[in-house]
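Novice: What follows is a single structure, and I will ask about it in a moment.
Each reported figure results from applying straightforward, stated rules to the coordinates on display, with no laboratory input. Quick caveat: nothing in here was measured; it's all calculated off a predicted structure. Please note: Cβ atoms are built from the backbone with ideal geometry, for glycine as well, and neighbour counts cover all protein chains shown.
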Amino acid sequence: MKFFNLFRIAYRSLNRNKLRSFLTMLGIIIGVASVIAMLAIGEGSNQTIQKSIASLGTNSIYIFPGTNANGGVRGGAGSNQTLKLEDADAIAAHCDLVKYVTPLVQRKSQIIFGAKNWNTMIIGIRNDYMLIRSLSIIKGSGFTEPDQRSAAKVCLVGVTVVFNLFGDENYNPIGEIIRINSIPVKIIGVLSKMGQNTFGQDQDDIVLAPFYTVQKRMMISTDHIGSILASGKSELQVVDAVDQITSLLREKHKIAPSDDIDFTVRTQSELSNIFGSITKVMTILLASIAGISLLVGGIGIMNIMLVSVTERTREIGIRMAIGAKGRDVLFQFVIESILISVVGGVIGIVVGILVAEMVATFGGWPVVITPLSIILSFGFSSAIGLFFGWYPARKAAALNPIDALRYE
Amino acid sequence: MSERENLITVRDLTKTYQTGSVEVFALKAISLTINKGEFVAIMGASGSGKSTFMNIIGCLDNPTSGEYLMEGKDVLTRDKDELAELRNSKLGFVFQSFNLLPRTSAQENVELPLLYNNKVEAAVREHKAIEALTSVGLADRLGAMPNELSGGQQQRVAIARALVNAPLVIMADEPTGNLDSKTSYEIMGIFQKLNDEGITIVMVTHEPDIAQFAKSNIVFKDGKIIANHPVTDRKIAMEELKKIATLTDENSTT
Ligand SMILES: Nc1ncnc2c1ncn2[C@@H]1O[C@H](COP(=O)(O)OP(=O)(O)O)[C@@H](O)[C@H]1O
Ligand SMILES: [Mg+2]
């Protein structure tokens, strides 16, 4: 049998059954496209999370009240008020492996300028905060030591806040007085744009003020602080710095060696692992959804192939009666399946990439298309297409021609 | 010489179907010789084993036991691929239900056996298909789909498909079973023409007047041959069709 003849036969057969060919292809397209898009979204957020965590500074150390790491990470554990300002001061004074340290207090507040108002996060910081997080100021200047000591009514704002209060991101708000919890505060600087973090949180939606300004003027309780942010002298010494901080605070909090500590110290890389496992869960979730769509697509392919078996068995009977050999019939069906899988697979890849790009463009969600997802989805769908094209054909080709002709 | 040459020889051919616990003896030790150039009509009541016999000598089915020689050579020892080649190059089939590929033009249907024949070059394929369709009077319907053709036309496409590979024998199982008598005669006309050109024809029919177009009749009953005789009063399709034409002319003038 000449291969080209078989190819011609297969092509004619596909062309003759356009709807069936299209429906089969649709299964493959959906399967491939969804896997590629889903995994691109998962991988994209994974990489951005890693990147944004790395951008926090690889030397950073976070100290949260309480022992629940996640509660600490989210900064929402108000019930665990165990950290005090003197803890931060003690770390600065006694831990020689720590380079910078700042206590943090934060609260969500309404800020008002003229007729406009906006809800945002106010964070009270020491100046070390800017160094630990490598923040820069594009307009105006940062807090001075006197600002810090005197709890001056001054603040730095992110560009989202500028936009929402003044209607224009590029407006120069230096010198404007805004009201935070009805306290008038002067804007002395604008932070350079940071963009969104991985959870879609706008990092520019922020107001920074001197530590005492927030703690004394805006917080109900002034005894405790929210958390402490520090940085190690070098990346290699971060772990030792964590030990130093832990033993210092243990001593200060008078915790017996046998008791559990009432605070949590995390390094940036530990955090990155925590977030990493969160994104891994998310990727697995997306992959499962994608896997289900692949399965549904596969079942679609299978159904179409099996439903057409009756018709095709008779066709095989006719072909065998006029001289087709078993392998001619098999090759024909395999070529048909390959054509469908390849064309459907390629369309699926294109659609998947388009969908991913659309999510990136319109949803503002980062996407990274991995070759693995392409290979995986393409391989799986074509395998299903091939199998369900080949298997019924093999059964039919094994029949006596007369039985295939009579098949109902 | 060719007149007396054996084409098909079967000896003690039996076929038994097992349906549940019941054994159906469809063929009971059939022995028969069909020579080249013959035009045989196989007759018999429904269920007498005509189709079973045709399918076996057409290599579409296997007998339960017996011997089958074609041109003096054993057929039953051949493997599936060899049988497929045999069907492709030496046999042509015409079925009662036409069995054309749906949604496939007349020409593509006729080209099909050529696509499965390695010896036919692509260049001559189209030419041969058109030639075969022309010889059955369908030169003007090459691109027609089966559902655009009448029953008689579909059967002619099937005949063109059967003869496109220049077979030794055409096997037709009730080829006129779904056709009216005038169309049936036209089909018989084609068969008689092909037979005159040297193609052996084996045809199953239960209609006595159709059997009259053959050169000899074989009668089956309960899986056995009960009669095998030449046709004495053979009908010629061209003449029968003329008669019908004059009849209808008379009818329309009166
Ligand atoms: N596939 C089959 N399975 C079981 N019995 C069959 C099958 N084909 C034919 N038969 C039986 O074999 C006998 C001969 O059938 P067949 O050759 O079709 O008769 P005819 O063509 O003369 O009408 C019948 O009794 C029929 O019921
Ligand atoms: Mg029959």
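Novice: For the stretch A:157-197 and the stretch A:335-408, write down the distance between their C-alpha centroids in whole Å.
Specialist: 53 Å
Novice: Could you list A:322, A:375 in order of exposure, starting from the residue whose Cβ has the fewest other Cβ atoms within 10 Å?
Specialist: A:375, A:322
Novice: Straight-line reach from residue B:193: which lysines fall under 25 Å, measuring Cα to Cα and dropping same-chain residues less than 8 apart?
Specialist: Output for residue B:193: B:36, B:50, B:90, B:128, B:182, B:215, B:235, B:242, B:243.
Novice: Compute the Kirkwood hydrodynamic radius of the stretch A:116-236, taking the inverse of the mean of 1/r over all pairs of distinct Cα atoms, and give it in Å to one decimal.
Specialist: When all Cα pairs of the stretch A:116-236 are included, the Kirkwood radius is 15.0 Å.
Novice: Another question, if that's okay. With N set to the number of residues, divide the alpha-carbon radius of gyration of the stretch B:1-82 by 2.2 N^0.38 Å and report two decimals.
Specialist: 1.16
Novice: If one takes the longest principal axis of the Cα atoms in chain A, at what angle in degrees, from 0 to 90 and to the nearest 10, does the Cα axis of helix A:268-307 lie?
Specialist: Long axis of A:268-307 versus the principal axis of chain A: about 20 degrees.
Novice: Is the shape of the stretch B:102-254 rounded, prolate or oblate, going by the alpha carbon gyration tensor and its root eigenvalues a ≥ b ≥ c, with a/c under 1.5 for rounded and a/b larger than b/c for prolate? Could the numbers behind the result be given before it?
Specialist: Working: a/c = 2.05, a/b = 1.29, b/c = 1.59.
Taking the square roots of the gyration eigenvalues as a ≥ b ≥ c, the stretch B:102-254 is oblate.
Novice: Could you please rank A:277, B:48, B:89, placing first whichever residue has the fewest other Cβ atoms within 10 Å of its Cβ?
Specialist: A:277, B:89, B:48
Novice: Around residue B:172, which amide H atoms from residues at least 5 apart in sequence, or from another chain, sit under 5 Å from its own amide H, with H modelled in the peptide plane?
Specialist: Residues meeting the amide H criterion: B:94, B:202, B:203, B:204.
Novice: Once the Cα gyration tensor of chain A is found, what semi-axes does its equivalent ellipsoid get, as square roots of 5 times the eigenvalues, in whole Å, sorted largest first?
Specialist: Square roots of five times the eigenvalues give 65, 24, 15 Å.
Novice: Which value, in debye to the nearest 20, describes the size of the charge dipole of the stretch B:50-113 about its Cα centre when Lys and Arg Cβ atoms bear +1, Asp and Glu Cβ atoms bear -1, and nothing else is charged?
Specialist: For the stretch B:50-113, the charge dipole is close to 240 debye.
Novice: Okay, moving on. Using the Cβ atoms and a cut-off under 12 Å, what net charge is assigned to the surroundings of residue B:146, where Lys and Arg are +1 and Asp and Glu are -1?
Specialist: +3
Novice: Same structure again: Just to be sure I understand: of the beta bridges DSSP finds with both ends in the protein assembly as shown, what percent are antiparallel, rounded to 5?
Specialist: 70 percent
Novice: Then there's this: Quick check on chain B: helices-only [θ] at 222 nm, where DSSP H runs of length 4 and up contribute -39,500 (n - 2.57) each and the sum goes over total residues. Nearest 500, please.
Specialist: For chain B, the value works out to -11500 deg cm²/dmol.
Novice: Could you tell me the distance between the Cα centroids of the stretch A:79-149 and the stretch B:151-229, to the nearest Å?
Specialist: Taking the Cα centre of each part, the stretch A:79-149 and the stretch B:151-229 sit 101 Å apart.
Novice: Tell me which of A:195, B:212, A:35 sits at the most positive position along the dipole axis of the protein assembly as shown, charges placed on C-beta atoms (Lys, Arg +1; Asp, Glu -1).
Specialist: A:195
Novice: Where Lys and Arg each count +1 and Asp and Glu each count -1, what net charge lies around residue B:126 among other residues with Cβ under 11 Å from its Cβ? It would help to have the intermediate numbers written out before the result.
Specialist: Details: positive: B:125, B:128; negative: B:108, B:111, B:121, B:131.
With Lys, Arg at +1 and Asp, Glu at -1, the neighbours total -2.
Novice: So how strong a dipole does the stretch B:1-122 carry about its Cα centre when Lys and Arg Cβ are +1 and Asp and Glu Cβ are -1, to the nearest 20 debye?
Specialist: Value, rounded to 20: 280 debye.
Novice: Taking the Cβ of each residue in A:305, A:130 as the centre, tally the other Cβ atoms inside 10 Å and list the residues starting with the fewest.
Specialist: Working: A:305 27, A:130 19.
Taking fewest neighbouring Cβ atoms as first place, the list is A:130, A:305.
Novice: Share of antiparallel DSSP beta bridges in chain B, in percent to the nearest 5?
Specialist: That works out to approximately 55 percent antiparallel.
Novice: Ok, one more. Between residue A:201 and residue A:260, what length in nm is gained on full extension when 0.36 nm per residue of separation is reduced by their alpha carbon distance?
Specialist: Stretched fully, the residue A:201-residue A:260 segment lengthens by 17.9 nm.
Novice: Going 7 Å from the Cα of residue B:238 in the Cα-to-Cβ direction, what parts of the stretch B:141-184 have a backbone nitrogen less than 16 Å from that spot?
Specialist: none
Novice: About the Cα centre of the stretch A:94-223, how large is the charge dipole given +1 on each Lys and Arg Cβ and -1 on each Asp and Glu Cβ? Please answer in debye to the nearest 20.
Specialist: For the stretch A:94-223, the charge dipole is close to 300 debye.
Novice: What angle, in degrees between 0 and 90 and rounded to the nearest 10, separates the Cα long axis of helix A:371-397 from the longest principal axis of the Cα atoms of chain A?
Specialist: Approximately 20 degrees, to the nearest 10.
Novice: Ok, one more. Using only the alpha-carbon atoms, what does the stretch B:185-254 span along each of its principal axes? Please give whole angstrom values in decreasing order.
Specialist: Per principal axis, max minus min of the Cα coordinates gives 49, 29, 18 Å.
Novice: Quick check on the stretch A:75-187: what does the Kirkwood estimate of hydrodynamic radius come out to from the alpha carbon pairs, in Å? Before the final figure, lay out the partial values.
Specialist: Working: mean 1/r = 0.0634 Å⁻¹.
About 15.8 Å for the stretch A:75-187.
Novice: Taking the Cα atoms of the stretch A:222-363 alone, what are Rg (to one decimal) and Dmax (as a whole number) in Å?
Specialist: For the stretch A:222-363, the Cα radius of gyration and maximum Cα-Cα distance read 31.0, 95 Å.
Novice: Quick check: the angle from helix A:3-16's long axis to the longest principal axis of chain A, C-alpha only, nearest 10 degrees?
Specialist: 70 degrees
Novice: Specify the longest stretch of chain B that does not include any exposed loop site, a site being one of the GluC sites (Glu not before Pro) with a non-H, G, I, E, B DSSP assignment and at most 16 other Cβ atoms within 10 Å.
Specialist: B:122-196
Novice: Going by the alpha-carbon gyration tensor, a ≥ b ≥ c the square roots of its eigenvalues, is the stretch A:286-402 rounded (a/c under 1.5) or, if a/c is not under 1.5, prolate (a/b greater than b/c) versus oblate?
Specialist: Working: a/c = 3.60, a/b = 3.02, b/c = 1.19.
Because a/c hits 1.5 or more and a/b exceeds b/c, the stretch A:286-402 counts as prolate.
Novice: Follow-up. With an 8 Å Cα cut-off and a minimum separation of 6 or more residues, compute the relative contact order for chain A in percent.
Specialist: RCO, chain A: 31 percent.
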